[in-house]
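Before I ask anything, here is the structure I am working with.
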Amino acid sequence: MEKILDIIEGISYEKGLPIESVSEAVKEAIVKVAKETLDSNISYEAEIDKRNKTLHLYQVISVCENDSPNVEDKNNFISLNEAKKHDNDIKIGDELRYELSLEDMSRSAVNALFRELEYKIQRLIETQLFDKYKSQVGKIVSGNVVRIDNLSNTYVEIDEIRAILPKKNRIKGEDFKVGQVLGAVLKHVSIDRQNGIMIELSRTTPKMLEELLRLEVPEIKDGEVEIVNCARIPGERAKVSLKTTSAKIDPVGATVGIKGVRINAVSKELKNESIDCIEYSAQPEIYIARALSPALVISVTLENNKAIVSITSEQKPKAIGKNGINIRLASMLTGFEIELKEIDNLNHNIQNINENTAQEAPKNNLDILSSLFKG
């Protein structure tokens, strides 16, 4: 059995697997093969002698009470009286172990053992890879495009594994070529016996935008600026709410960068997606008003999970946006259903206030301000 252990140690080194995990795989494999080729009714236990690097297989027999019905199962149990013939100090619950010769295993049993070891080692490799990529879910990974199938699904080789970017997770209009380096968010990882590890990528999830901002904006990476929420309509427009606990940092300015250099770099990676950055407010009314930018709103009234937004007819198209995209993103970002309430006579009311103020002919600017608020 030294040869088998040498082979397993070699595989362990080559694949970067822990020796302990490989040792357990060896023991499980030899027990399984023993049950299949020797006697399935016997309890086996495998043991590795680390000092001599040898593998031993034992038949395990448990000691039970003299009148126990288990005594009938002579393969796995022995009465206390019988056990004492072997060891006078033995007690109920102890075990007797008889070593079985591995050298007498048939060729078919040896072949079965190699197949079982190969299977278990493969499972160990897959489990290790699964744990590695599971920890990267939500992060951006990159690799080379190796294939694009007839359904426009893109296959990407990431280190030692192949991932898939489904067409539905691709920004509309994007076109990739074999050999191209592609970055995407690791959206989902799974493992099964038939297909092994399956990794799904995405470029349409809001996480993609968040991770790109972390890569591009040092203040976000360092935690000085926090991304509160993010809403996207991939390839068209997105809104990001930001906040900071530092009075010295403008979260929107830091994210946009000088002359928009930072936000433009992120936009370029997302096929020129337009990105609106707004400062988060813990007060929902202010947060909703900011989320509807570039529109200017008059007031926001909350009714449970619904926001009634008063707005002029002039600003309403801006609040709605092309094909309703602005109001949809604002709703996604804030979590409120937004209803616009158009105010037509606002300018008329302001005009009346100004006329009344002029007639009263206040003496100074303080009087003017007072009369406006009274009106």
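Within region 125-136, work out how many residues are assigned to a loop (DSSP other than H, G, I, E, B) and surrounded by 14 or more Cβ atoms within 10 Å (Cβ to Cβ).
Residues that pass the stated criteria total 1.
Output the residue which, of all residues in region 1-21 that are at pLDDT 80 or above and in contact with a Leu (Cβ under 7 Å, 6 or more places away or on another chain), is nearest to Leu100 (Cα to Cα).
Ranking the candidates gives Ser21 first.
Under 6 Å between Cβ atoms, which residue pairs at least 6 apart in sequence (or on different chains) link something in region 57-78 that is within 20 Å of Lys35 (Cβ to Cβ) and touching a residue at least 40 places away in the same chain (Cβ under 8 Å) with a partner that is open to solvent by 80 Å² or more (accessible area, probe 1.4 Å) and in a strand (DSSP E or B)?
Tyr58/Arg97; Tyr58/Glu99; Gln59/Tyr98
Same structure, new question: Kindly indicate the residue of region 32-58 that is small (Gly, Ala, Ser) and farther than 20 Å from Glu72 by Cα and also surrounded by the most Cβ atoms within 10 Å (Cβ to Cβ) among those meeting that condition.
Checking each candidate, the answer is Ala34.
Do you know which of the residues in region 179-196 that are open to solvent by 10 Å² or more (accessible area, probe 1.4 Å) and assigned to a strand (DSSP E or B) is modelled with the lowest pLDDT? Before you say what the answer is, go through the steps one by one.
Of region 179-196, the ones open to solvent by 10 Å² or more (accessible area, probe 1.4 Å) are 179-181, 183, 187-188, 190-195.
Now drop any that are not assigned to a strand (DSSP E or B), which leaves 181, 183, 187-188, 190-192.
Details: Val181: 94, Gly183: 95, Lys187: 96, His188: 95, Ser190: 91, Ile191: 87, Asp192: 80.
Among those that are open to solvent by 10 Å² or more (accessible area, probe 1.4 Å) and assigned to a strand (DSSP E or B), it is Asp192.
Give the residues of region 96-124 that are open to solvent by less than 100 Å² (accessible area, probe 1.4 Å) and either of a type in the set (D, E, K, R) or in contact with an Asp or Glu (Cβ under 6 Å, 6 or more places away or on another chain) (or both), sorted by residue number.
Arg97, Glu116, Lys120, Arg123
Out of curiosity, is Val63 buried (at least 16 other Cβ atoms within 10 Å of the Cβ), of a type outside the set (S, T, N, Q) and in a helix (DSSP H, G or I)?
no
Ok, one more. Within region 73-81, can one find any residue that is surrounded by 17 or more Cβ atoms within 10 Å (Cβ to Cβ) and either among the aromatic types (Phe, Trp, Tyr) or in a loop (DSSP other than H, G, I, E, B) (or both)?
Yes, there is a match, as at least one residue in region 73-81 is surrounded by 17 or more Cβ atoms within 10 Å (Cβ to Cβ) and either among the aromatic types (Phe, Trp, Tyr) or in a loop (DSSP other than H, G, I, E, B) (or both).
Further, regarding this structure: So, Val156, is that one out of contact with any Phe, Trp or Tyr (no Cβ under 8 Å at 6 or more places or on another chain), open to solvent by less than 20 Å² (accessible area, probe 1.4 Å) and not in a loop (DSSP other than H, G, I, E, B) or not? Don't jump to the end; show me each part of the working.
Values: out of contact with any Phe, Trp or Tyr (no Cβ under 8 Å at 6 or more places or on another chain): yes; open to solvent by less than 20 Å² (accessible area, probe 1.4 Å): yes; not in a loop (DSSP other than H, G, I, E, B): yes.
Yes: the conditions hold for Val156.
Another question, then. Taking the stated definitions as given, is Ser331 under 19 Å from Asn229 (Cβ atoms) and assigned to a loop (DSSP other than H, G, I, E, B)? Walk me through how you get there before you give the answer.
Numbers: under 19 Å from Asn229 (Cβ atoms): yes; assigned to a loop (DSSP other than H, G, I, E, B): no.
No.
For region 245-299, what are the residues that are at pLDDT 95 or above and assigned to a strand (DSSP E or B)?
Correct list: Ser274, Ile275, Asp276, Cys277, Ile278, Glu279.
From the residues in region 198-216 that are open to solvent by 10 Å² or more (accessible area, probe 1.4 Å) and over 15 Å from the mean Cα position of the chain (by Cα), which one is farthest from Lys139 (Cα to Cα)?
Glu216
The values are calculated or read from the model by the stated rules, or taken from the named source; none is laboratory data. None of the values given here were measured: they were computed from a predicted structure. We place every Cβ from the backbone using ideal geometry, glycine too, and count neighbours over all the protein chains shown. Please note that ligands, DNA and RNA were not included when accessible areas were found on the heavy atoms of the full protein model with its side chains. Shrake-Rupley method; radii C 1.70, N 1.55, O 1.52, S 1.80 Å.
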